[in-house]
Amino acid sequence: MTNRLFAQASRLDEVPGDSTGDRLALGLAPALTPSGLVDDPSFFHGFAAHPQVLARGLLTLADVTATRYFQFTPSTMRDPVLTAHGDRLRAECFSSCNSVYARLDLLADAFDSGEMSHGTTNVDIGLATRAALSRIGRDRLLHLDVGTDGLTVSQVEGAVVERPVEMPPRWVRALGNAAELHHGLPLAFEMGAAGAKAFVAGLPAATSSPRNGWLVPSGTGVRVATRPTSGGVLVAGLHRLSAAKRLLPHLTGIAVYGRAEPGPVVVELTVPGGRLVLGLTDEAWRGHSGEGALLGRLASATVAEDADLVSALLAFEPVIDVPRLTREAALDEPRVRDALAVLAADGRVGWDLRDAAWFHRELPHDPERVEKDNPRLVTARRLVADGALSRAPEGWHVRSRSGGPDHLVSGDRCTCTWFLRHGTGRGPCAHMLAVRLVTHEEIA
């Protein structure tokens, strides 16, 4: 994706004669809306019903994106992606190490009044902005305007200007992989405020050594077991959840999605008017951008054309209606779902576990992105074009590009070095993808 600079820097302006506070303007990149590209847009403005929750929620995202949880190192990255859906705001980011996905969903009752339209942009939450948000109290008015009028913050002083930043290109790959990893994750358990607060209060700090455990519901809250336990969810690196401590006083519940074996985990914490979603990879050293979770869905002869058609029918829905898309695109449901996977790989759709549905965010479209970000797919297409595949009784032989012995693909296994090292934990190898491409062409 082309790097996107902010249209203006964030700034903190004094409001002469206004005793309620100063005005904090968040610098924005040009936003894509249903009507096209708009410079420095304003797609939401209103008063927060729970100002401290909103302020601390944004600070939590800033904490996540400024932290490298694997071999802890602080970072200067603090730029979440904001999407307005007409009925809610979503703010998303990744940790500096890319192993933690964080999303703050601000629902309709998060605001007392205001007007929300549609659009996607990324904002700069710099050090001065963080300081201003940290001074928001429970009884102060907080006016949010994602656009030219900025964000009104009560009882803050001084004037600062934040430097513009660029949106990290690897976030696009990570957004797609996060959506696919979360898709289909089972809900393990839920509990109320007391259990959520007790669990978050006991989490290790972000600077702690990685500690693994199985989250298990108990009569007093969430227990962390040291060995596999029935009904438990394995979390690798409990310290990666530590950013949630900012919202500790406001927690009203918790939901945990995942399985007892190694794999992705999602912890969803509810707060008044919204939800904080934290998604973890199965190891603290593994980033979302390198997971290759979408590769299997991208190996189709028609998927790129299908994705273009489906993309034209999206309209910033907070919950994408797949049956509607199948009717209007005149495609069967499997092809629509594969098309949505391509759009996820381009950062244009995400997955919401609570709604069990895709949602639309709009980022600049790069037709070459899917191939550029997935070199195994490029290699697979080259193998097919070179006629390197041949049928065999036991599966498919794939000619080695290095001149060595052929690789054998049989079912969900391959004899190549990549598969021996990773299995299917980071998506299929290039040889398995090549077989899928040939198989799809034969079916078509």
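The values are calculated or read from the model by the stated rules, or taken from the named source; none is laboratory data. Everything numeric in this text was worked out from a predicted model, so none of it was measured. So basically every Cβ, Gly included, is an ideal-geometry build from the backbone, and we count neighbours across all protein chains shown. Please note that ligands, DNA and RNA were not included when accessible areas were found on the heavy atoms of the full protein model with its side chains. Shrake-Rupley method; radii C 1.70, N 1.55, O 1.52, S 1.80 Å.
Points worth noting:
- Largest first and in whole Å, the equivalent-ellipsoid semi-axes of the range 191-278 read 19, 15, 12, each the square root of five times a Cα gyration tensor eigenvalue.
- Near Leu187: Cβ cut-off under 10 Å, other residues only, Lys/Arg at +1 and Asp/Glu at -1. The net charge is -1.
- For the range 304-347, the fraction of 1.4 Å probe accessible surface lying on carbon and sulfur atoms is 55 percent.
- Local electrostatic count at His360 - Lys and Arg +1, Asp and Glu -1, tallied over other residues with Cβ under 10 Å: 0
- Carbon plus sulfur fraction of accessible area for the range 212-285, probe 1.4 Å, in percent: 54
- Apolar share of the accessible surface for the range 80-143: 49 percent from carbon plus sulfur atoms, 1.4 Å probe.
- The range 392-442: radius of gyration and largest Cα-Cα distance (Dmax), Å: 10.6, 30
- Summing charges over neighbours of Leu248, with a neighbour being any other residue whose Cβ is under 10 Å away from its Cβ, gives +4 when K and R count +1 and D and E count -1.
- Mean Cβ count within 10 Å, highest first, over the residues of peptides 266-276, 330-340: 266-276, 330-340
- Equivalent ellipsoid dimensions for the range 184-225 as semi-axes, Å, which come from the Cα gyration tensor, largest first: 19, 15, 10
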